[in-house]
Amino acid sequence: MARVLIIEDDPAIAEGLAESLSFEGYDVVTAADGKAGYAACRDREPDLIVLDVMLPSIGGFELCRRIRKDGIRSAILMLTARDGETDRVSGLDLGADDYVTKPFSLPELMARVRALLRRNQLSAAGADQLCFGDIAIDFRSYEARRGDRPVKLTRKEFEILRRLAASSGEVVTREQLLSDVWGYDSFPSTRTVDNHIAMLRAKLEVDPGRPAHIRTVIGIGYKLVCDANS
């Protein structure tokens, strides 16, 4: 049973989320401020943290930073009443995995919870490092190198590679990538995946027009081939 920690100072929101998550079969823990949330995170080892941005004692952004600095790898879904791009980017840059803006749709939030937990299960099943050609990927530190040169990848690009690597050379459909990486249960456009794959190839393939490792399976999706000769 997956454990979800809710760190939210609004009692009505916290109670509603706890009830909905418990009904879905999750083991739910709640905390009403940042200090209590930080302690619960360290003591209870949650699989996922639903983290409000505006918290007493320790704010959500600072708490997210501390959690990641401590090496805690729980998935983090941030709740924010702020709709500004800067706030959303700040949370993701600090190590959050996703965000939902208040007021939120409960079905959407639950779909994102399911997607983040699936992603974490895939991460736990897979390796922390990936190597192919002259590329080295470290999923723990979110660092990538091509030979002795660092390569800047976005969080989504790391997660696409992690998802492809978890399938051990088998085909992953565009819909599976959208669901597991973006958290969509209803898919807006598979071009989202295609565009990200094109960017990954431009950064990692010797010849992006004839990719040796990130290969297309026409009409289905993509697969990662670590041995270019296979």
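Principal axis analysis of the Cα atoms in segment 130-224 yields extents of 40, 28, 22 Å, listed in decreasing size.
What's the FRET efficiency of VAL206 with TYR142 using the Cβ-Cβ distance as r and R₀ = 30 Å, to the nearest 0.05?
Calculated transfer efficiency: 0.85.
The ranking of ARG3, ARG201 by Cβ neighbour count inside 10 Å, starting from the fewest, reads ARG3, ARG201.
Using 0.36 nm per residue, how much length does the chain from GLU170 to MET54 gain when fully extended, once their Cα-Cα distance is taken away?
37.5 nm
Highest mean first, the peptides 99-105, 130-136, 147-153 sorted by other C-beta atoms within 10 Å per residue fall in the order 130-136, 99-105, 147-153. How high is the FRET efficiency from LYS69 to LEU117, r the C-beta distance, R0 22 Å, rounded to 0.05? So the FRET efficiency works out to roughly 0.45. Note on segment 39-85: with charges restricted to the Cβ of Lys and Arg (+1) and Asp and Glu (-1), its dipole about the Cα centre is near 200 debye.
Model label points for PHE23 and MET1, set 7 angstrom from Cα along the Cα-to-Cβ axis, are 1.7 nm apart. Ranked for footprinting exposure by Cβ neighbours inside 10 Å, fewest first, ILE49, ILE218 give ILE218, ILE49.
Label separation (VAL217 vs MET199): 2.5 nm, computed from points 7 Å beyond Cα along the C-beta direction. Protection proxy ranking, highest mean first, for peptides 138-145, 109-116: 109-116, 138-145, where packing is the per-residue count of other beta-carbon atoms within 10 Å, averaged. Ordered by the count of other Cβ atoms within 10 Å of each Cβ, fewest first, GLU157, GLU170 give GLU170, GLU157. Computed about its Cα centre, the charge dipole of the chain is approximately 840 debye, with only Lys, Arg, Asp and Glu carrying charge at their Cβ.
Computed from the coordinates by the stated procedures, all read-outs in this text should not be read as laboratory data. Keep in mind that what you see is a predicted model, and the values were worked out from it rather than measured. Here Cβ is always computed from backbone atoms with ideal geometry, including for glycine, and neighbour counts include all displayed protein chains.
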